[in-house]
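A.B. asks: I am attaching a structure below and will ask some questions about it afterwards.
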Amino acid sequence: YTGTIDIPEQGAAGIPLHDIRVDLPVVHFEMLDGPSLAVFDGELAATGEISGIFLQSGVEGTFVLAPEAAAADGAAQP
């Protein structure tokens, strides 16, 4: 798989994703750009959103990613 991610809050667009793995509904990918490796592990919902946990620089948090069309409509923000 190949992919990119946009993070509007940080003014970042087209960041390449690495080590993308899909075993539905589980999704894993890594982002090498930035201060350190960011690892994302989530689940794909029927709505097309991916939500889960990320780990970067020893800090764990949660994330929700929305498909581009949903984000553009304002229905969900990544």
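A.B. asks: List every residue whose amide H lies under 5 Å from the amide H of Glu49, counting only residues 5 or more places away in sequence or on a different chain, with H placed 1.01 Å from N in the peptide plane.
C.D. replies: none
A.B. asks: Enumerate the calculated ³J(HN,Hα) couplings along segment 12-25 in order (Karplus 6.51 cos²θ - 1.76 cosθ + 1.60, θ = phi - 60°), each rounded to whole Hz, writing x wherever the residue is Gly or Pro.
C.D. replies: Working through the residues one at a time gives 9, 9, x, 6, x, 9, 10, 6, 6, 10, 10, 9, 2, x Hz.
A.B. asks: Tyr1 to Phe63: extension gain in nm, 0.36 nm per residue of separation minus the Cα-Cα distance? The partial results should precede the final answer.
C.D. replies: Values: separation 62, 0.36 × 62 = 22.32 nm, distance 2.05 nm.
Extra length available between Tyr1 and Phe63 comes to 20.3 nm.
A.B. asks: Right, here's the next one. For the chain, what is the charge dipole size about the Cα centre, in debye to the nearest 20, if Lys and Arg each add +1 at the Cβ and Asp and Glu each add -1 at the Cβ? Before the final figure, lay out each step's value.
C.D. replies: Values: 1 positive and 12 negative charges, 9 e Å.
That gives the chain a dipole magnitude of about 40 debye.
A.B. asks: Okay, helix-only estimate at 222 nm for the chain: each DSSP H run of n ≥ 4 adds -39500 (n - 2.57), divide by all residues, round to 500 deg cm²/dmol; what do you get? Intermediate results must be reported in sequence, preceding the final value.
C.D. replies: Details: 1 runs with 6 residues, N = 78.
One gets -1500 deg cm²/dmol as the mean residue ellipticity at 222 nm.
A.B. asks: Further, regarding this structure: Starting at the first residue of segment 35-50, write each ³J(HN,Hα) from the Karplus equation 6.51 cos²θ - 1.76 cosθ + 1.60 with θ = phi - 60°, in whole Hz, x for Gly and Pro.
C.D. replies: Taking θ as phi minus 60°, the curve returns x, 6, 4, 10, 10, 10, 10, x, 10, 7, 8, 4, 6, x, 6, 10 Hz for segment 35-50.
A.B. asks: Around Val27, which amide H atoms from residues at least 5 apart in sequence, or from another chain, sit under 5 Å from its own amide H, with H modelled in the peptide plane?
C.D. replies: Gly42, Glu43, Leu44
Only the coordinates and a few stated rules stand behind these numbers; no lab work does. Since the structure is predicted, the reported quantities are computational estimates derived from the model, not experimental observations. For neighbour counting, all protein chains shown are included, and Cβ atoms are generated from backbone atoms with ideal geometry for every residue, glycine included.
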